[in-house]
Amino acid sequence: MKIEAILWTGVAVFYIVIGLLYLAVGGDTAGVVLLLLATGLGGLVAGWVWDWTRRNGERVENRADVDAIDSTGVVGVYPTASLRPLALAIGVTAMFLGIPLGSWLSMVGIAIVASQVLLLTRDTDT
Amino acid sequence: MTAVDPTVDPDREAMGGADPDRLVEIDDFLGDPDAHGPRGLPRTIIGWLTTTDHKALGIAYIVTSMVFLGIGGALAGVIRAELAEPGLQLVSVETYNSVFTIHGSVMVYLFAVPFGFGMANYLLPLQIGAPDLAFPRLNAFSYWLYLIGGAVMLLGFVADGGAASFGWFAYPPLSGAAGTPGIGADMWIVSIILTGTSGTLTAVNVIATVTMMRTPGMTLFRMPILTWNMFITSFMVLVAFPVLSGALLMLLADRQFGTHFFDPVDGGSPILWQHLFWFFGHPEVYIVALPFFGVVTEIFPVFSRRPVFGYKGLVLATLAIGALSTSVWAHHMFATGDLVLPFFAATSLLIGVPTGVKIFNWIGTMWDGSLSFEAPMKFAIGFLVTFVAGGVTGIMLASPTLDFHLTDSYFVVAHFHYVMGGTVIFAMFAAIYFWWPKVTGRLLSEKLGTWHFWLLMAGFNVTFFVQHLLGRAGMPRRVPDYRPIENFELWNKISSFGFLILVASMVPFLINVVRSLRSPATVGADPWHANSLEWATFSPPADHNFTWLPPIRSERPVFDLRWINFEGVGAPTSADAWEARHDHDEQWLPLHQWSDEEEQKRTTGPRPIERTSEGQSSDEDRADGDRGDDGEEIT
Amino acid sequence: MTSRSPLAPPITDQADDIDRVWDVFLYLALGVLAFVVVLVVYVVIRFRRRDDRLPQQKHYNIPLEIAYTVVPFVLVVGLFAITVVTVNAIDDTDTDPDLTVHVTAFQWQWEFEYPESGVRIIGGADTDAPELVLPADSSVLFELESLDVIHSFWITAFRFKRDIIPGTVTEFSVDMSDDAAGEYPNAGVCAEYCGLDHALMRFSVRVLEPAEFDAWLVEQANDQEVAG
Ligand code: HEM
Ligand SMILES: [Cu+2]
Ligand SMILES: [Cu+2]
């Protein structure tokens, strides 16, 4: 994943350069802060990818001369069909809509979200 | 093997005498499409409500966003009808203000961006040879959040006081509690928080998928450009969307909890909102556009029978656009005078360079090609021309000298409709015509497609060209009424008439779709003789996409495979890889058969994603009982 | 000659400059558009499919790619130079103007005040569009203030607008051309959407010769004293 790491590092470098440049020409504070936050975002992902590469080595997917044949085995698990995503979405919507419409709705929303998250973690089939 | 080397033959005699029978058809590798269990979409309502399949969700996204396009289009009709004559005829001022606000918001937040995400859902795993997105349940959650969030915005129309009416960028103090009282405004804010969150989660999903789920051999620089663009778009979403959500939460707090972030009376700053909003807002237009740049970059090579011209340059240009687009935001604020004008003029003009590079890459792809003009190609060329027309006016607006006069006038309305219409309308239809056979297994009529294209081209330009003149002459945007002077009335009439042509252009399209859906699904895997991996599986694709994958030795694995019998045509090592695979296993075309028992499990229980030698969607029993409690874990 | 365009002629020195820049950008834009369209039409005709042969499969042409990166870049640098020079001239506020006009925007009307003489012109809901009167051949400083939401003060004959942000006073100045005198009935408008009757926030502009303007100002001052 070296190339990914380089990509993300490039992102971080770009934003720090632009951020400092913007600061130097007298840019507004909000803009400078946002550009530095973007630097952080790029840096965070870059760091994670570097670390992953360091610990796991280069992945077979990044070599140019391999084939589906060269990487077999379980790579993950398909989740089954589930009603939880829909229920969660309804809960989150209720949570936010409660802000203008009345806190009772937010309460309902929070209850739905909490119950679904709880159930999600206990689902054995995910 | 005859040595035919078209790469060095300037007279394009390459295939002279070559036996077309030795061209490989992908269908020959795939066998019976229905031997692998059910293909296609959920069949029951419960099936739809609970699906986590990227293809079903992709279609849900696309259909939903098209419905929103219809709604946004109807609202545009109201706008154009009202403006056909000076004075107020059709709607009240209040309604008009809600109508243009919701038109813009629906088009941007609920149609353009989600359509791109729909394509990411459906196509991205197919293009990189993956069985699904990295987090299927998160993906389903994103979709539902988008649908419900979108509905919340429209429900504003029935709320007390009507839907939001402060324009799609909601400048405070007008968007504050005093400026726009009424629940509809709060619902608009909530709606955008929800759909924005949905987008952010999808972006995470796309990035994880591209990073972790590529099939071996699919290196980053062999990914189709569409996938690249989705990847870069997703990064931009991660930078931009949280800023919008944060700003909206602050706005909601100002309205509901009496905070004063943006309220000048109590020391807040309206300008702060503008910085935050446009830090999101400009990347947003590229978030809208990049996936569609990807679309046409898939289409030009196929119908020109050429590889993408300057693949790496194209990727670099896209990266440059992605990066630069987050540092141009205040060009929407030139008229405030309260900023470093040269900085933003420079970055805004600069972004024209990588955009120009892309245009020439596309023309370079067609250059020396063998062009045929099926509907996808027509729409892609339509995109190219329209987009350039919008791009050159963008350069004018990037200069504050000119922007001072042009901003907030109909010139800007014309500019962004050329840009957005070019991408989201022309390239979107290009995408629909191109991938329709893959998704449905059916063809669309070329004849109706031609009618659709020319009517759209005419309608689009009649509607929007005169708006440049209106804006330059002094017609501000967001007005239901204008002075009945000189050409104002005539130009507005022309624009409104253009809208009728636009509506007419939808007729052949809808007929085409309905007729096609009623015909039998008989299309093979690769009807266009295309390039990327989604054409290496059935139409519609098998459950979990692939039963088999070709070797990937270039960004055109399917092309390489088709030309495997002609040395020097496809990627040089492709034929070797093919041979090696053949030697490795005499069963080099095994198609996985599901037993009844497996079939039972497939629909009821969790299944490990296993990479087999020939693909990724084998469906073995889960060997280890306590592994994989986390559905998204990739070992 | 009666122009069919509803656009008022430029009446400030800055507007003349802006119109010149507009011409440069416009012709360049049309040139680029025409170039691309011609290329596309050429490609479509010249390289249409004639037989089933595979065309050559070349991926790259580095010199060409560099060329079509560098040429737009050079163009853009040129445009940037033009922009910076002109925008600095436009953005420069005159600290010692011949006349100051204080503009107050509110939902959904304008008030123009001439602080040196205390004259005020206020548009009301039931009045016609208010009229802004200015002297030709003089420098004018505008101070802009809003009582409620954001508005934008746009005089098309200036080729310029400036947003009016509540909580701050924004400023800009212009040099009225010496031949600016005349009536510009449709030249003024609010350009930033500001709520319900945004569309009705219009005003007219009348430019007088300097001597006439002074006379007008005195007359107004007297009238308002009598009335007030
Ligand atoms: C179906 C054809 C369309 C027509 C006839 C149309 C027409 C218009 C018109 C006349 C306005 C100006 C309203 C005003 O300022 O009062 C407008 C605004 C707008 N349109 Fe469209 N439009 C169309 C499609 C689209 C599409 C496809 C998009 C984007 C993907 C879009 C995005 C917008 C946006 C963002 C605004 C600004 C809204 C605002 O000022 O808050 N439109 N449209
Ligand atoms: Cu922008
Ligand atoms: Cu106003």
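The values are calculated or read from the model by the stated rules, or taken from the named source; none is laboratory data. A quick note: this is a predicted structure, and the numbers were derived from the prediction, not measured. Cβ atoms come from the backbone with ideal geometry, glycine included; neighbour counts cover every protein chain shown. Each accessible area value is taken on the protein alone, full model and side chains, heavy atoms only, with ligands, DNA and RNA left out. Shrake-Rupley method; radii C 1.70, N 1.55, O 1.52, S 1.80 Å.
Descriptive notes on the structure:
- When A:R55, B:R214 are compared by accessible area of protein heavy atoms, the largest-first order is A:R55, B:R214, using a 1.4 Å probe.
- Ordering of B:469-475, C:117-123, C:186-192 by packing [mean C-beta count within 10 Å, highest first]: C:186-192, B:469-475, C:117-123
- Heavy atoms of chains C and B lose about 8000 Å² of accessible surface on contact, summed over both sides with a 1.4 Å probe.
- Between A:G47, A:G27, A:G98, the residue with the greatest mean-square fluctuation in the GNM of chain A (Cα pairs under 10 Å linked by springs) is A:G98.
- The mean sequence distance of close C-alpha pairs (under 8 Å, at least 6 residues apart), as a share of the length of the stretch A:2-63, puts its relative contact order at 50 percent.
- Exercise: per-residue mean of other protein chain Cβ atoms within 10 Å, B:173-180: 4
- Counting DSSP beta bridges with both ends in the protein assembly as shown, the antiparallel % (nearest 5): 75 percent
- Inter-label distance for C:D179 and C:V38, nm, one decimal - labels placed 7 Å from Cα along Cα-to-Cβ: 3.5 nm
- Helices assigned as whole DSSP H runs in chain A whose Cα atoms extend at least 24 Å along their own long axis and whose mean Kyte-Doolittle hydropathy is 1.6 or higher are found at A:2-24, A:84-101.
- Ordered by solvent-accessible area of protein heavy atoms (1.4 Å probe), largest first, the residues B:M236, A:M107 come out as A:M107, B:M236.
- Chain B - percent relative contact order, Cα under 8 Å, separation 6 or more: 17 percent
- For chain C, share of DSSP beta bridges that run antiparallel, in % to the nearest 5: 70 percent
- Taking every full run of DSSP H in chain B, the ones that stretch at least 30 Å from end to end by Cα along their long axis and average -1.0 or higher on the Kyte-Doolittle scale are B:54-83, B:183-212, B:225-256, B:270-304, B:375-398, B:446-473, B:486-518.
- Take each residue of peptide C:157-169, count the partner chain Cβ atoms within 10 Å of its Cβ, and average: the result is 6.
- Within the accessible area of the protein assembly as shown, the carbon and sulfur atoms contribute 63%, probe 1.4 Å, all protein chains present.
- The protein assembly as shown, helix-only ellipticity at 222 nm - DSSP H runs n ≥ 4, -39,500 (n - 2.57), divided by all residues, nearest 500: -18500 deg cm²/dmol
- For the listed peptides C:147-155, C:164-172, B:291-299, a ranking on the average number of other beta carbons within 10 Å per residue, highest first, reads B:291-299, C:147-155, C:164-172.
- Of A:K2/B:K312; B:K358/B:K493; A:K2/B:K438; B:K378/B:K438; B:K312/C:K58; A:K2/B:K358, those spanning more than 24 Å from alpha-carbon to alpha-carbon: B:K358/B:K493; A:K2/B:K438; A:K2/B:K358
- Gyration tensor (alpha-carbon) shape descriptor, the protein assembly as shown, a/c threshold 1.5: prolate
- For the stretch B:303-409, relative contact order (Cα pairs under 8 Å, six or more residues apart, normalised by length) works out to 41 percent.
- Each peptide in B:173-183, B:262-272 was scored by the mean count of other Cβ atoms within 10 Å over its residues; highest first, the order is B:173-183, B:262-272.
- Accessible surface calculations at 1.4 Å, restricted to protein heavy atoms, place the protein assembly as shown at 36 Å² per residue.
- Rounded to the nearest 100, the interface formed by chains A and B buries 6400 square angstrom of accessible surface, both chains summed, with a 1.4 Å probe.
- In terms of its C-alpha gyration tensor, the stretch B:48-518 has a rounded overall shape, because the principal axis ratio a/c (a ≥ b ≥ c, square roots of the eigenvalues) stays below 1.5.
- Averaged over peptide C:67-80, the number of partner chain Cβ atoms lying within 10 Å of each residue's Cβ comes to 6.
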